[in-house]
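Report on one structure; see the data block that follows.
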Amino acid sequence: MYVALEGIDGVGKSTQLAHLKAAFPDALFTKEPGATPLGAAIRSLVLGDGDYDKRAELLLFLADRAEHTARCVAPALEAGRHVISDRSLISGIAYADRSLDMETLYALNRFATGGLFPEMVIVLTISASGYEARIRARNEGEDRIESRGTAYMMQTQERLIDACRALHIPCHVIAAEQDEMTIFNAIKELIHD
């Protein structure tokens, strides 16, 4: 099974992935961008200080997605392993240039992945005030994408869910402001064999 854990920064994906690693020790845990050497270089570029054209940024993410799918996701699935990914093409679509239509984004992502999409997506959601509180509590500087502001991040959160619907990928939405173990148990139940 190929599962993507999605959500904007600050929703607790890293916390949940740590719990899931203990619960599913035989699964491949991976991420976009950055799971491969090429992906790590792309991650450094897109989250760094550069000011890139939105089309160039999209193509960088697609290059990472193609490499990630070919080198990580597909081989693990062929070996019969679960794949649990921190982000996927769903994020790629949600964060993409707002002027691009869904058909274009779908076609580009289908090409990049060879049509290999997650079988299920779990989206952790958060309120605007909860997001702001968690970002402040991290006591870190914002990356280039976070610096786009709360309104942008809330729109992106909705676009995550919209992308799942548009691609007909089963999507489970879980409120991230619940107790950490309540969230974990809900996710574990969804993934469990």
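The values are calculated or read from the model by the stated rules, or taken from the named source; none is laboratory data. As the structure is a computational prediction, the values presented were derived from the model and not from experiment. No Cβ is skipped: glycine too gets one built from the backbone with ideal geometry, and neighbour counts run over all protein chains shown.
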Those residues that are in contact with an Asp or Glu (Cβ under 8 Å, 6 or more places away or on another chain), within 25 Å of HIS19 (Cβ to Cβ) and of a type outside the set (A, V, I, L, M), I need them from the range 61-91; list them, please. HIS68, ARG81, HIS82, SER85, ASP86, ARG87, SER88, SER91
When the range 156-176 is checked residue by residue, the ones that are free of Cβ contacts under 8 Å to residues at least 60 places away in the same chain and surrounded by fewer than 17 Cβ atoms within 10 Å (Cβ to Cβ) are GLU158, ARG165, HIS168, PRO170, HIS172, VAL173, ALA175
Would a scan of the range 59-66 turn up a residue that is in contact (Cβ under 8 Å) with a residue 24 or more places away in the chain, within 24 Å of LEU190 (Cβ to Cβ) and surrounded by 17 or more Cβ atoms within 10 Å (Cβ to Cβ)? yes
Can you pull out every residue in the range 25-53 that is touching a Cys at 6+ places or on another chain (Cβ under 9 Å) and more than 19 Å from GLU6 (Cβ to Cβ)? THR36
Residues being closer than 24 Å to ALA151 by Cβ, touching a residue at least 40 places away in the same chain (Cβ under 8 Å) and loosely packed, with under 13 Cβ neighbours inside 10 Å - total across the range 100-119: 0
Complete set of residues in the range 13-33 that are outside any loop (DSSP other than H, G, I, E, B), buried (at least 16 other Cβ atoms within 10 Å of the Cβ) and hydrophobic (A, V, I, L, M, F, W, C): LEU17, LEU20, LEU28, PHE29
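Considering only the range 46-58, state which residues are crowded, with 17+ Cβ neighbours inside 10 Å and either in contact with a strand residue (DSSP E or B) (Cβ under 6 Å, 6 or more places away or on another chain) or within 16 Å of SER147 (Cα to Cα) (or both). Spell out the reasoning first.
Narrowing the range 46-58 to residues crowded, with 17+ Cβ neighbours inside 10 Å: 46, 57-58.
Within the range 46-58, VAL46, GLU57 qualify.
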Taking TYR106 as meeting all but one of (1) assigned to a helix (DSSP H, G or I); (2) modelled with pLDDT of 95 or more, write down the number of the exception. (2)
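Which one of LEU124, LEU116, LEU160 is among the hydrophobic types (A, V, I, L, M, F, W, C), closer than 21 Å to ASP64 by Cβ, at pLDDT 95 or above and not in a loop (DSSP other than H, G, I, E, B)?
Working: LEU124 fails: closer than 21 Å to ASP64 by Cβ; LEU116 fails: not in a loop (DSSP other than H, G, I, E, B).
Matching residue, one of LEU124, LEU116, LEU160: LEU160.
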